[in-house]
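Below is one structure, written out as structure tokens; comments come after it.
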Amino acid sequence: MTVSRRLGTDRVFALAVVSGILWCTHSAALGLDRTPSRAAAPLSVDGAFSDLPRTLAAAPARASDLVFAADRLSPADRHELPALSSDERRGLGRSEKGRTKVGLVRRLESAARLSTRLPAIAAGGRLSVDGGLLESDADDSLTWTAAFVSRGAAGIRLQIADADLAGGRAYLYARSGEVQGPYTFDHPIPAEGFWTNTVFSDEVFLEVRLPRSGSPRLSVAALAHLEGTPLTPMSTTCFVDASCVPAGEFAGIDSASRAVATLLFEEGTGFYACSGGLVATADRSFEPYLLTANHCFSSQSAASTLEAVFDYRNPTCGGAYPSISSFPRTLGATLLATGATSDFTLVRLAQSPPPGSFFLGWSTEDYSRRGGTAIYRLSYPAPAVGIWPQYYSRHTISAVPTPGSCSGAPQGHFIYSKDSYGGTAEGSSGSPVLLADGRIVGQLLGSCGSNTGDDCDATSNSTIDGAFAVSYPQLERWLNASGTSTPPASTCVPNATTLCLNGNRFQAQVSWRVASQGTAGNGTAISLSGDTGYFWFFSSGNVELVVKALDGRAVNGYFWIFYGALSDVEYTLTVTDTATGAVKTYSNPQGRLASTADTSAFR
């Protein structure tokens with residue numbers, strides 16, 4: 001049987017050092033079945049309602065804020081890409097690391113680069129310059145506008161490679177009237193660039209408002225083509241629109257509906273979609289924490305691109321689906337914690353969710369073997385952008401997985417269930433699964449069984465959720481910072497898949513994958529000393545990865561992280577500093593033997 005992840009692969013935590021490299025052979029993957037460590041006593045937190053106003057860097061943009069030069073642009077001011085080729089469309093439909101792309105990063109043939117040396121222009125004048133139209137308003141301020149087109153796209157995001165607007169601001173809009181921004185770029189742009197919000201059109205306009213003084217610059221080298229048409233067949237006969245759920249089916253459906261978001265994010269050359277949910281804190285602080293799956297994303301670079309769309313649901317059962325462009329969203333996030341052992345990622349959104357949002361409560365009790373317990377979910381299952389609003393499903397926990405558990409997803413770390421009403425698909429990944437009282441007990445990994453290509457085959461397949469009870473020790477410092485029932489963890493806790501290094505300050509975990517065999521799993525951790533340990537993947541006599549963490553602060557002010565490969569398997573190493581919550585990941589592709597010394601890993 002196979003595990004079908006709704007969107008991604010397992011990730012890993014690791015610190016490492018090794019100087020020798022060995023060539024290792026590999027056998028079939030071994031699933032873990034050891035009992036995970038948990039909080040000493042179960043803790044329960046109720047959900048909370050929030051009507052706090054949104055906290056944004058600037059007021060949301062309106063069409064009336066714009067100069068709207070779209071109709072005055074010349075061909076030199078337009079950057080057009082043709083419709084996707086047949087190869088590009090096949091790439092969108094292809095599963096990568098267990099997930100399906102919903103968008104592609106497309107490089108522009110010629111970048112639009114607003115330079116620091118703007119030409120002189122008289123009031124009321126206009127001039128094509130730097131790939132856009134420069135205009136002087138009557139009040140002697142300047143506006144620069146450029147068009148970007150990706151034929152057939154359902155939505156476009158722009159990647160700003162470099163920007164300093166010297167007190168100016170930028171907007172992104174479509175002819176339909178949708179406007180995103182303003183973006184002020186008051187802080188340096190990260191090396192990987194800044195991705196704007198999505199504008200749902202295949203033609204968008206970037207308008208930059210500039211003062212006469214200063215030395216502004218802005219560069220756009222790529223755009224995201226987001227697809228709105230499913231490119232792979234899906235079995236949807238069992239799916240249930242959340243607006244069609246009968247009264248009395250799930251008492252907490254309204255609250256859960258206001259907590260769940262569809263997530264769009266970039267990784268590599270692709271854009272992907274997942275689901276996630278807002279999580280309450282024990283002190284009801286309304287911090288914008290959002291829980292999703294580790295296999296969705298597990299790096300800060302991906303979290304920085306995160307766009308979370310809230311409240312996207314059908315107002316009436318059977319009615320025409322509304323346009324996703326009109327629903328509130330947030331942009332950007334900080335990665336707080338992530339782990340492959342129970343497939344979770346927790347982020348803090350960079351902007352507050354919309355007024356009226358609900359923050360889901362949670363339970364640290366182990367529900368992984370409570371057979372017959374009903375659990376409930378709202379998610380966004382569509383394999384394309386904005387085509388389906390919220391969908392609903394109910395599941396029944398299996399005391400014993402049938403037809404069986406899958407390698408890399410042991411019962412205990414994961415909750416196995418059978419679909420009882422409704423279903424889930426690729427975009428549902430990371431969606432919280434809830435008890436009848438609305439408390440989170442896990443988040444969606446995917447399906448396991450002999451017919452995972454059919455999302456509605458509940459006989460041959462099981463649905464798998466990462467267990468919140470296993471994730472909680474790594475989430476506690478944020479969700480229960482005041483120690484309401486148990487003190488927050490401040491040191492690493494070793495277990496079968498976790499190394500604790502350098503005085504138990506650093507937590508190291510490893511996930512691996514052999515694509516040619518269709519196998520994946522988590523490395524088994526073996527400690528050698530207080531600073532060093534190793535992981536094996538397939539058998540205890542076959543060491544795959546050696547890890548080391550050293551305190552180098554006396555030399556350069558940093559903790560040093562080293563890892564050495566004794567394997568050419570694809571793996572990801574993720575390191576968590578339990579004292580600060582900082583996380584670093586290191587990835588190795590299939591076929592490469594590598595050792596790395598990161599001497600500026602953590603302060």
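Things to note:
- Residue satisfying condition, being out of contact with any Leu (no Cβ under 7 Å at 6 or more places or on another chain) and either modelled with pLDDT of 95 or more or among the β-branched types (V, I, T) (or both), within set T292, T316, T364, T330: T316
- Just one of (1) modelled with pLDDT of 95 or more; (2) part of a strand (DSSP E or B); (3) of a type in the set (S, T, N, Q) fails for S219. It is (1).
- Here V514 does not fit the description of being in contact with a His (Cβ under 7 Å, 6 or more places away or on another chain), closer than 19 Å to N294 by Cα and surrounded by 24 or more Cβ atoms within 10 Å (Cβ to Cβ).
- Residue list for the range 186-195, restricted to those being surrounded by fewer than 22 Cβ atoms within 10 Å (Cβ to Cβ) and either in contact with a strand residue (DSSP E or B) (Cβ under 7 Å, 6 or more places away or on another chain) or part of a strand (DSSP E or B) (or both): I189, G193, F194
- Top-ranked residue in the range 110-136 [being within 33 Å of the chain's Cα centre (by Cα) and not small (G, A, S); ranked as surrounded by the most Cβ atoms within 10 Å (Cβ to Cβ)]: L114
- Of the residues making up the range 340-357, one or more are surrounded by fewer than 22 Cβ atoms within 10 Å (Cβ to Cβ), outside any strand (DSSP E or B), on the phi > 0 side of the Ramachandran plot and more than 13 Å from the chain's Cα centre (by Cα).
- Residues that are among the hydroxyl-bearing types (S, T, Y), under 25 Å from the mean Cα position of the chain (by Cα), surrounded by 15 or more Cβ atoms within 10 Å (Cβ to Cβ) and part of a loop (DSSP other than H, G, I, E, B), drawn from the range 567-603: T578
- Residues satisfying the stated conditions in the range 413-440, i.e. buried (at least 24 other Cβ atoms within 10 Å of the Cβ), touching a Gly at 6+ places or on another chain (Cβ under 6 Å) and assigned to a loop (DSSP other than H, G, I, E, B): G430
- Taking the criterion of being of a type in the set (K, R) and more than 20 Å from L336 (Cα to Cα), the residues of the range 540-598 that qualify are K548, R553, R592.
- For the range 374-412, taking the residues that are among the β-branched types (V, I, T) and part of a loop (DSSP other than H, G, I, E, B), the one that is modelled with the highest pLDDT is identified as V400.
- Within the range 258-281, if we keep just the residues that are closer than 25 Å to K101 by Cα and hydroxyl-bearing (S, T, Y), the residue that is surrounded by the fewest Cβ atoms within 10 Å (Cβ to Cβ) turns out to be T269.
- Hits in the range 144-174 (condition: crowded, with 21+ Cβ neighbours inside 10 Å, out of contact with any Gly (no Cβ under 6 Å at 6 or more places or on another chain) and either assigned to a loop (DSSP other than H, G, I, E, B) or of a type in the set (S, T, N, Q) (or both)): S150, A153, L165, G168
- When S235 is tested against (1) in contact with an Asp or Glu (Cβ under 7 Å, 6 or more places away or on another chain); (2) in a loop (DSSP other than H, G, I, E, B); (3) buried (at least 20 other Cβ atoms within 10 Å of the Cβ), exactly one condition is not met: (3).
- For the residues G521, G503, G530, G564, the requirement of being over 30 Å from G442 (Cα atoms), touching a Gly at 6+ places or on another chain (Cβ under 8 Å) and in a strand (DSSP E or B) singles out G564.
The values are calculated or read from the model by the stated rules, or taken from the named source; none is laboratory data. Remember, predicted model here, so these are calculated numbers, not experimental data. Note that each Cβ is placed from the backbone with ideal geometry, even for glycine, and that neighbours are counted across all protein chains shown.
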